[in-house]
Amino acid sequence: MINLSKVDTFPELTRSGRVSEELQAIINALNESANNGERFALSGVEAGKAYNSMQQRIRAQAKKLNYKVIIRFDATAQKLYFQATRVSNNVVNTNTGSEVKTSDIKAIKTANAKTTTK
């Protein structure tokens, strides 16, 4: 039997962050990969939804950690391979005295007015 009653206020919304063992293993692997250049493989990942879900988890964690990640999938072996590298925050000094991150540079104009892109 349910009990129904009137209330004056709602409880505060709280969200407690929880990291599963699987997600913590991915985070540790990404850190180790970025620090040592090592590659990792997850076994038993099926093509389709399982692959899409797992690669999105890896990409999301890499983005949070400011890593660039390379992901490859072998459907035959059901393995998802990944490697992380640190994102460079190099800064270029221009001759106008301002500083620009190299990641923000889209094109370079040369002296003969041709534009070259990265």
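The values are calculated or read from the model by the stated rules, or taken from the named source; none is laboratory data. Since the structure is predicted, the reported quantities are computational estimates derived from the model, not experimental observations. As a convention, Cβ positions derive from the backbone with ideal geometry for all residues, glycine included, and neighbour counts pool all protein chains shown.
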query: Residues in segment 85-96: is at least one modelled with pLDDT of 90 or more and of a type outside the set (D, E)?
result: yes
- prompt: Can you tell me which residue in segment 27-45 is nearest to the chain's Cα centre (by Cα), limited to those that are exposed (fewer than 11 other Cβ atoms within 10 Å of the Cβ) and under 23 Å from A75 (Cα atoms)?
  reply: S43
query: Does A60 satisfy being surrounded by 10 or more Cβ atoms within 10 Å (Cβ to Cβ), among the small types (G, A, S) and modelled with pLDDT under 90?
result: no
- request: Report the residue count in segment 56-84 for those that are touching a Phe, Trp or Tyr at 6+ places or on another chain (Cβ under 7 Å) and either assigned to a loop (DSSP other than H, G, I, E, B) or under 15 Å from E22 (Cβ atoms) (or both).
  value: 3
- prompt: When segment 4-28 is examined, which residues are found to be of a type in the set (S, T, N, Q) and at pLDDT 75 or above?
  reply: S5, T9, S20, Q24, N28
